[in-house]
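Scroll down for the structure; my scribbles are underneath it.
The values are calculated or read from the model by the stated rules, or taken from the named source; none is laboratory data. Bear in mind the structure is a predicted one, so any value in this text is a computation, not a measurement. No Cβ is skipped: glycine too gets one built from the backbone with ideal geometry, and neighbour counts run over all protein chains shown. Please note that ligands, DNA and RNA were not included when accessible areas were found on the heavy atoms of the full protein model with its side chains. Shrake-Rupley method; radii C 1.70, N 1.55, O 1.52, S 1.80 Å.
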Amino acid sequence: MLPREVISTGSLLLRPPADGDVQDIVRAFDDPETGRFLPLTPLPYRAEDAVEYLKAAQVKWEGGGAEFAITEGGRYVGSIGVRAPDQWGVTEIGYLVAPWARGRGVAATATRALTDWLFDRGVRRVELQAEVENVASLRVAVKSGFREEGRRREVKLLRDGRYADLITFGRLAHDPGDAEEPYLPFFADGQLTDGVVRLTPMTVDDAVPFNAMMAEEAVAAYSVGPAGTLDDHVRRCRNTGYWWLSGQRIELAIRDAATDAFAGHVQLMQVAPVLGQAMIGYSLVSAYRGRGFMTRAVNLLVDWTFANTALHRVVAGTDESNTASHAVLERAGFTRECRHRQLLPRPDGTRADDIEWLRLRPA
């Protein structure tokens, strides 16, 4: 049984929810983003639903768990709860932040404080799960000192009837609990641009034009591996935030800055921190070829990489016959480094030599 206490952390106070919170609870839960990631909550959310929530919170306390209102300056700004620890001293945290309090580190601060409080009361292990598309919640886990431990595939049913993957995080009482800075930080302004092209994180809305681009003959001829379906590309777009945060890769849409139209794709992949190396890859919609878009995109991403990460080498692999790609890399300051014989499988069953290109961090 967890003691019914108040937790103070920075400007936040965690206390049991009360009748006076009902109006703010309704506003916090009756929110599209809250409803998106908490599909079991009623929408629209009404005062009677908040009253039921308060009753459920009381039951949770009586059953050995805990449910807190996160308050700041005396006002409700979110909720955070924990199920009753099991016989092995393991429990799980869940939380939400009201729309008017987002972007201020409320969830991370509350999660860290509650986790430390649980350890002080004999809990051995705290778990946290976040939907793969819920980048804000994934970031909370990392900032709160949790370690990623695995992926549960298609375990959560969403309002639209689709099943979503959950990323599982854990923190043990003896873990240091340090917040790790991501190896690949997010763009400070959410994009990179030189006024002609814009690079933005891939979203589900990009799946259709991306799928059409990958089916173009000039793109398909140099693609490695089996052709993806539209469903494959939708799943790819849903994972981009998670891949980025976890340091695996960056997937970007290239956009015409004048019209915001999808013009292509560029990625930083095969990230190897121990070597300080990553690979760049790209494809361009045929209507945008010959206008310098890809050279601009490559320069934007590589310049950002050297300015904002510890990477020392950015490499690129090209089919020996892909002279258009060779020209892009030359214009972007890459030099030929080596040839990998018969490395790249072609759609017709033959294999092509790979020409590897390199751009080093400036001295």
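So if I take the alpha carbon set of the stretch 236-323, get Rg, then get Rh from the Kirkwood formula, what is the Rg over Rh ratio? All intermediate terms of the calculation are to be shown ahead of the outcome.
Values: Rg = 13.6 Å, Rh = 13.9 Å.
In the stretch 236-323, Rg relative to Rh is 0.97.
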- Mind checking Rg over Rh on the stretch 131-191, alpha carbons, Kirkwood formula for Rh? 1.04
- What does the charge count near residue 317 come to, summing +1 for each Lys or Arg and -1 for each Asp or Glu among other residues with Cβ under 12 Å from its Cβ? -4
- Evaluate E = 1/(1 + (r/R0)^6) for residue 48 and residue 159, where r is the Cβ-Cβ distance and R0 equals 30 Å; express this FRET efficiency to the nearest 0.05. 0.90
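On the accessible surface of the stretch 1-157, probed at 1.4 Å, how many percent belong to carbon and sulfur atoms?
The computed percentage sits at 51.
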- Message: Debye calculation, C-alpha points only, no solvent: report log10 I(q)/I(0) for the stretch 37-79 at q = 0.15 Å⁻¹, in the same order as the q values.
- Response: -0.46
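By per-residue mean of other Cβ atoms within 10 Å, what is the highest-first order of 137-143, 353-359? Mind showing how you got there, number by number?
On the way: 137-143: 21.6, 353-359: 18.9.
Ranking the peptides 137-143, 353-359 by packing returns 137-143, 353-359.
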- Task: Determine the equivalent ellipsoid of the stretch 19-112 by diagonalising the alpha-carbon gyration tensor, then write out the semi-axes as square roots of 5 times the eigenvalues, largest first, rounded to whole Å.
- Result: 21, 16, 13
- Message: Name the residue from 176, 166, 190 whose Cα lies farthest towards the positive end of the charge dipole of the stretch 151-213, charges +1 on Cβ of Lys and Arg and -1 on Cβ of Asp and Glu.
- Response: 166
- Query: Just going by the charge dipole of the chain, with Lys and Arg at +1 and Asp and Glu at -1 on Cβ, which of 340, 263, 308 is farthest out on the positive end?
  - Reply: 340
- Item | Cα-Cα P(r), the stretch 268-363, percent of pairs per 5 Å interval | 3, 13, 23, 23, 19, 13, 5, 1, 0
- Query: Using r as the Cβ-Cβ distance of residue 36 and residue 11, and R0 as 30 Å, what FRET efficiency do you calculate, to the nearest 0.05?
  - Reply: 0.65
- Query: Dimensions of the stretch 167-213 along principal axes (Cα, Å, largest first)?
  - Reply: 49, 26, 12
- When we measure straight from the Cα of residue 55, which aspartates and glutamates land under 17 angstrom away, once same-chain ones fewer than 8 places off are left out? 19, 21, 24, 67
- Report the calculated FRET efficiency for residue 335 and residue 179 (r = Cβ-Cβ distance, R0 = 35 Å), to the nearest 0.05. 0.35
- Given +1 on the Cβ of Lys and Arg, -1 on the Cβ of Asp and Glu, and no further charges, what dipole in debye does the stretch 1-136 carry about its Cα centre, rounded to the nearest 20? 320 debye
- Rounded to a whole number, what is D in µm²/s for the stretch 1-62 from Stokes-Einstein with the Kirkwood radius over alpha-carbon pairs (37 °C, 0.692 mPa s)? 254 µm²/s
- Message: Which order do the peptides 182-194, 315-327 come out in when sorted by mean C-beta neighbours inside 10 angstrom, highest first?
- Response: 315-327, 182-194
- May I have the extent of the alpha carbons of the stretch 195-257 along their three principal axes, as whole Å values ordered from largest to smallest? 30, 29, 19
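For the stretch 147-250, with every protein chain kept in place, what is the accessible area per residue (1.4 Å probe, Å²)? Walk me through the numbers before you get to the answer.
On the way: 5810 Å² over 104 residues.
With all protein chains present, the stretch 147-250 gives 56 Å² per residue.
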- Note on the structure: Non-local residues with an amide H under 5 Å from the amide H of residue 247, with H modelled 1.01 Å from N and Pro and chain starts lacking one, are 184
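For the stretch 123-278, what number results from the quotient of the Cα radius of gyration and 2.2 N^0.38 Å?
Working it through for the stretch 123-278, the quotient is 1.17.
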- Once both labels are modelled 7 Å past Cα along the beta-carbon direction, what's the residue 277-residue 187 spacing in nm? 2.8 nm
- Query: Ratio of Rg to Rh for the stretch 109-153, alpha carbon only, Kirkwood?
  - Reply: 0.99
- Query: Of 85, 71, 44, which is farthest along the charge dipole of the chain in the positive direction, counting Lys and Arg as +1 and Asp and Glu as -1 at C-beta?
  - Reply: 85
- Would you calculate the volume per residue, in Å³, of the smallest convex hull containing every Cα atom of the chain? 171 Å³
- Looking at the stretch 1-89, which trypsin sites (Lys or Arg not before Pro) are DSSP coil and have at most 15 other C-beta atoms within 10 Å of their C-beta? 4, 46
- Compute the accessible area per residue over the stretch 1-123, keeping the other protein chains in place, probe 1.4 Å, unit Å². 47 Å²
- Item | Peptide ranges 172-180, 260-268, 11-19 listed from the most packed, as the mean C-beta count within 10 angstrom indicates | 260-268, 11-19, 172-180
